[in-house]
Amino acid sequence: SGIHNLSNKPIDYLSKKSVTCVWKNVAATKKDIEDMGFGFYNIFNLIVKSEDRTQFWHDFWSDAGKLKTTFLELYNLESQKRCLVGERIHHDGVIWDWKSSPAGYGLSEEVTRLTNVIANTHIGEGPDQVICPLDADGRYKVCLLRRKIDKNPIPNLLQLKVIWSKLI
């Protein structure tokens, strides 16, 4: 069991000030974790599956981060900017939908680089899921993040000691 985002919105949406209740507090931890020097997406990984709702260019699903940012020139040539991962990656290869050929803009190497980034993506069966790579079972546990923070002191805050609540 766990807390689920019933709206299927990305974490960036959840950290907006307009979001209220428990999700506002959960989303606020994203900034806190990043301020401590830990990337939020190193603690939570998105696993794309066949019933995906994950956007190819806009969501954090690959090791390259948001592909829209990493491959901006290719993103500008994409004709379906809100396409899903499953619409681009198939069992028999990648299917592109460019407005015009990237080769005409000298971007053939970028296409190769992007293809290499997504080459090891295997889309399984079922809905997308978020896992926590801090533990072998993929479940997030507060104690695991606490251990990670305690083992890796905060670079900019070496003089401060993290004081943990006994309730957690």
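Values computed for the structure shown
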item: HN-Hα J in Hz across region 79-92 - Karplus 6.51, -1.76, 1.60, θ = phi - 60°, x for Gly and Pro; result: 8, 10, 4, 9, 5, 8, 4, x, 7, 9, 9, 10, 4, 9
item: Distant-in-sequence amide H partners of Leu84 (H built 1.01 Å from N, under 5 Å); result: Phe56
item: Under Karplus coefficients 6.51, -1.76 and 1.60, residue-wise ³J(HN,Hα) of region 105-118 in Hz, glycine/proline x; result: 10, x, 10, 4, 5, 5, 4, 4, 4, 5, 4, 5, 4, 9
item: Gyration tensor (alpha-carbon) shape descriptor, region 77-141, a/c threshold 1.5; result: prolate
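Laboratory data are not the source of any read-out in this text; all were calculated from the coordinates shown. These numbers were taken from a predicted model, which means no experiment stands behind them.
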